[in-house]
Amino acid sequence: MSLHRCWLLFVNLRVPEVLTGLDAPSLHLRLATAADLPDLARIHKEAYSSNHFTALLPNATLERYYGYFLGDGSEVLLAVQQVGDGAEAALGFAVYGQGIPERIALFKREASQDILMTSIRHPFSAFRKLTAALCSRLTAGAAHNPTDFLLLSIAVSHKGGGIGGRLLRAMLAGALKANVKTVGLYVNADNLNAINAYFAAGFALRDYRSGQFYMEANCE
Ligand SMILES: CC(C)(COP(=O)(O)OP(=O)(O)OC[C@H]1O[C@@H](n2cnc3c(N)ncnc32)[C@H](O)[C@@H]1OP(=O)(O)O)[C@@H](O)C(=O)NCCC(=O)NCCS
């Protein structure tokens, strides 16, 4: 599925010694390509706590996961900083678009063995994830109907530096240009940093189910 497929643009990436701030002219946003998948996996693992089941997946599986969102109606926006000699360092990303639940379902089917192995290695996390999924199904009838354009994931390697907010604003501006009226997302109710970032970008709470808020922002 949404393994997009890409403009295979080679970028030489390395971690910058100093984050010079968001106003630095060298920081910019661009669409990720398949060549960026290792950076997406690295940032994901740095940003998401090990409470998050996906952070326990091997890097190769995470790369495969994000590959499903590179194109065909969804995209990955990458924040990169020039670090000299034409090289750049990836500092954050946001994944969003249409058909997100279907892409996740396809990934789960096609990577079921990797997911099973991770569950066996981390039984407590797997049990928690399974319980949450079951609770979510049991209360499915009560939920607010989600919009079809969703933010799947956003993560930065240096929190609180303004990169997340910049990615969110760029996503909303891009959605508006594409005539999308509403962007939705799910967030764990205990993820206060993310919830604050979403409020700051104009999202509002629409629903709560099984430990997760569903939030929406109007693009207009
Ligand atoms: C959520 C996340 C992407 C935000 O990115 P960020 O670069 O840290 O966010 P920003 O610095 O742009 O801050 C945006 C807003 O978030 C809020 N915020 C950010 N960090 C905060 C903190 N530590 N405490 C309270 N509010 C915070 C502020 O309201 C801020 O708005 P302001 O700049 O107008 O004050 C980042 O915290 C992250 O990677 N978290 C781990 C991964 C994750 O949980 N993703 C969300 C999954 S649903």
Given the structure, is Leu168 free of Cβ contacts under 8 Å to residues at least 60 places away in the same chain, within 16 Å of the ligand (Cβ to nearest atom), within 23 Å of Gly99 (Cβ to Cβ) and surrounded by 14 or more Cβ atoms within 10 Å (Cβ to Cβ)? no
If you go through region 163-220 one residue at a time, how many are modelled with pLDDT of 95 or more and on the phi > 0 side of the Ramachandran plot? 2
Give, as residue ranges, the strands (runs of 3 or more DSSP E) completely inside region 110-220 that count at least 1 residues that are within 22 Å of Gly92 (Cα to Cα) and among the aromatic types (Phe, Trp, Tyr). 149-156, 182-188
In region 181-197, the residues that are within 8 Å of the ligand (Cβ to nearest atom) and touching a Leu at 6+ places or on another chain (Cβ under 7 Å): Leu185, Ala197
Here is a list: Phe127, Phe107. Which entry is more than 16 Å from the ligand (Cβ to nearest atom), at pLDDT below 85 and aromatic (Phe, Trp, Tyr)? Phe127
If you scan region 198-214, which residues turn out to be out of contact with any Asp or Glu (no Cβ under 7 Å at 6 or more places or on another chain) and away from the ligand (no atom under 13 Å from the Cβ)? Leu205, Asp207, Tyr208, Arg209, Ser210
Yes or no: region 124-146 includes at least one residue that is over 30 Å from Tyr208 (Cα atoms), of a type in the set (Lys, Arg) and in contact (Cβ under 8 Å) with a residue 24 or more places away in the chain. no
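Do you know which of the residues in region 145-162 that are closer than 16 Å to Glu216 by Cβ, at pLDDT 95 or above and not aromatic (Phe, Trp, Tyr) is surrounded by the most Cβ atoms within 10 Å (Cβ to Cβ)?
Start the filter on region 145-162 by keeping residues that are closer than 16 Å to Glu216 by Cβ, which leaves 145-152, 154.
Adding the requirement that they be at pLDDT 95 or above leaves 147-152, 154.
Keeping just the survivors that are not aromatic (Phe, Trp, Tyr) gives 147-148, 150-152, 154.
Values: Thr147: 18, Asp148: 14, Leu150: 23, Leu151: 25, Leu152: 20, Ile154: 23.
For region 145-162, the residue satisfying everything is Leu151.
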So which of Leu37, Leu57, Leu77, Leu62 ends up being free of Cβ contacts under 8 Å to residues at least 40 places away in the same chain, buried (at least 19 other Cβ atoms within 10 Å of the Cβ) and under 28 Å from Leu192 (Cβ atoms)? Leu62
Go through region 29-74 and count every residue that is in a loop (DSSP other than H, G, I, E, B) and within 13 Å of the ligand (Cβ to nearest atom). 5
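The values are calculated or read from the model by the stated rules, or taken from the named source; none is laboratory data. Computed from a predicted model, the values in this text were never measured in an experiment. Using ideal geometry, Cβ is built from the backbone for each residue, glycine included, and neighbour counts are taken over all protein chains shown.
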